[in-house]
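Undergrad: Structure below; questions to follow.
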Amino acid sequence: MAKKDIKWGELGFGYVKTDYRFVSKFKDGKWDDGVITEDSEIVLNECACVFQYAQTCFEGLKAYETEDGHIVCFRPDLNAERMAETARRLRMPVFPEEKFIEAVEKVVSANADFVPPYGSGATLYLRPFMFGSDSIIGVKPANEYEFRIFGTPVGPYFKGGVKPLTVRISDLDRAAPRGTGNIKAGLNYAMSLYNIVDAHECGFDENVYLDPGTRTKIEETGGANIIFITKDGKLVTPKSDSILPSITRRSLMVVAEKYLGMEVEQREVYLDEIADFAECGLCGTAAVISPVGKINDHGKEICFPSGMSDMGPVTKKLYDTLTGIQMGRLEAPEGWIHVIK
């Protein structure tokens, strides 16, 4: 199948409607088989649970062409697993993990001509999501749900190359103690919208959230996990029950240890120690790793030795190795690359 006539190198990170999406409905205690459809519209009653009580969750992953011409996804089993955990926490019916992967395959195969060519710098971003669809006015879970996946071709998250970010320590909390910070619920992202707009208006790229209990420990940002590199080359990632289990971060920990021979440590990271680190980065599906050049703590600037011009040398090795695995230039651990075509 020929590729769509799209200027792949000019794509930003935004929505472009593709031809097909997957839709499955839950009713009377069970999921139907689901269908691939051209209809991108959703019609719901004004009292649908998703509107009243924000009973919704989502995932994000990419399909792309590797160097040898295959269309693949990166570790979709972990997206399926994480969405199942989120659904349980929100009292939503779990969409079966094997069916999740089958739906991903169907959407990518149906939209194969929207998968950007290898080397273009673009990918087909996939958005699985689920929501309560029937009318609920009392505070309780919905009885009916929809699970959907659509795809959209996207360019690099940061247009014009990756430049180190300037982030700030937030005065607001991202998640409550023993709350929902460790699941990918839409409500968590709604909570961050005020703060990210305010950060941008104040000249910062992102907010760094502290632990809500003591506000002394680094957790994550509104949309990404955080990694640090020590001056002796160790990878350190914050440990907390409120942190979303990023698939990219977990993969980087394996890459650091198994491919680069680095020591890896997941532990509590205190605000008053971050000035001792050599490098810092934000990691996630969209950008893989976004380097951080400095953190502003209420006017006090903490500048990392890696600087504001380029990605730090260790962070660059991590980035190059993981993207090399994803694109088929390096051998991947078993099960990491899911071949679709």
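The values are calculated or read from the model by the stated rules, or taken from the named source; none is laboratory data. Note that the structure is predicted; figures quoted are calculated from it, not measured. Using ideal geometry, Cβ is built from the backbone for each residue, glycine included, and neighbour counts are taken over all protein chains shown. Ligands, DNA and RNA are excluded from the accessible area calculation, which covers all protein heavy atoms including side chains. Shrake-Rupley method; radii C 1.70, N 1.55, O 1.52, S 1.80 Å.
Undergrad: Which one is most open to solvent (accessible area, probe 1.4 Å) among residues in segment 220-239 that are small (G, A, S) and at negative phi? Even if it seems obvious, please write down each step before you answer.
TA: Narrowing segment 220-239 to residues small (G, A, S): 222-224, 233.
Of the ones still in play, those that are also at negative phi are 222-224.
On the way: G222: 17, G223: 55, A224: 17 Å².
Of everything passing the filter in segment 220-239, G223 is most open to solvent (accessible area, probe 1.4 Å).
Undergrad: For segment 255-265, enumerate the residues that are within 29 Å of F13 (Cβ to Cβ) and open to solvent by 50 Å² or more (accessible area, probe 1.4 Å).
TA: If the condition is that a residue be within 29 Å of F13 (Cβ to Cβ) and open to solvent by 50 Å² or more (accessible area, probe 1.4 Å), then Y259, L260 are the ones that fit.
Undergrad: Please give the number of the condition C280 fails out of (1) in a strand (DSSP E or B); (2) open to solvent by 20 Å² or more (accessible area, probe 1.4 Å).
TA: So C280 meets the others, but not (2).
Undergrad: Among the residues of segment 123-172, how many are touching a Pro at 6+ places or on another chain (Cβ under 8 Å), among the hydroxyl-bearing types (S, T, Y) and not in a strand (DSSP E or B)?
TA: Of the residues in that region, 0 qualify.
Undergrad: Kindly establish whether K217 is surrounded by fewer than 16 Cβ atoms within 10 Å (Cβ to Cβ) and modelled with pLDDT of 95 or more.
TA: Details: surrounded by fewer than 16 Cβ atoms within 10 Å (Cβ to Cβ): no; modelled with pLDDT of 95 or more: yes.
In short, no.
Undergrad: Would you point out the residue of segment 314-324, among those that are more than 18 Å from the chain's Cα centre (by Cα) and in contact (Cβ under 8 Å) with a residue 24 or more places away in the chain, that is most open to solvent (accessible area, probe 1.4 Å)? Spell out how you get there, then give the answer.
TA: First, the residues of segment 314-324 that are more than 18 Å from the chain's Cα centre (by Cα): 314-317, 320-321, 324.
When the remaining residues are screened for being in contact (Cβ under 8 Å) with a residue 24 or more places away in the chain, the result is 314-315, 317, 321.
Values: V314: 32, T315: 2, K317: 124, T321: 17 Å².
Ranking the qualifying residues of segment 314-324, first place goes to K317.
Undergrad: Also, I was wondering about something else. Of all the strands (runs of 3 or more DSSP E) wholly in segment 283-341, which have at least 1 residues that are at pLDDT below 95 and among the β-branched types (V, I, T)?
TA: By residue number, 288-297.
Undergrad: For segment 162-189, which positions are more than 19 Å from D205 (Cα to Cα) and either open to solvent by less than 50 Å² (accessible area, probe 1.4 Å) or hydrophobic (A, V, I, L, M, F, W, C) (or both)?
TA: Of the residues in segment 162-189, the ones more than 19 Å from D205 (Cα to Cα) are 175-187.
Those that are more than 19 Å from D205 (Cα to Cα) and either open to solvent by less than 50 Å² (accessible area, probe 1.4 Å) or hydrophobic (A, V, I, L, M, F, W, C) (or both): A175, A176, G179, T180, G181, I183, K184, A185, G186, L187.
Undergrad: Moving on to the next point. Just give me the residues in segment 191-202 being touching a residue at least 24 places away in the same chain (Cβ under 8 Å) and assigned to a helix (DSSP H, G or I), in sequence order.
TA: Taking segment 191-202 first, the residues touching a residue at least 24 places away in the same chain (Cβ under 8 Å) are 192, 195-196, 199, 202.
Hits for segment 191-202 are S192, N195, I196, A199.
Undergrad: Take the residues of segment 203-214 that are touching a residue at least 60 places away in the same chain (Cβ under 8 Å) and out of contact with any helix residue (DSSP H, G or I) (no Cβ under 8 Å at 6 or more places or on another chain): which is surrounded by the fewest Cβ atoms within 10 Å (Cβ to Cβ)?
TA: Across segment 203-214, the extreme among qualifying residues is F204.
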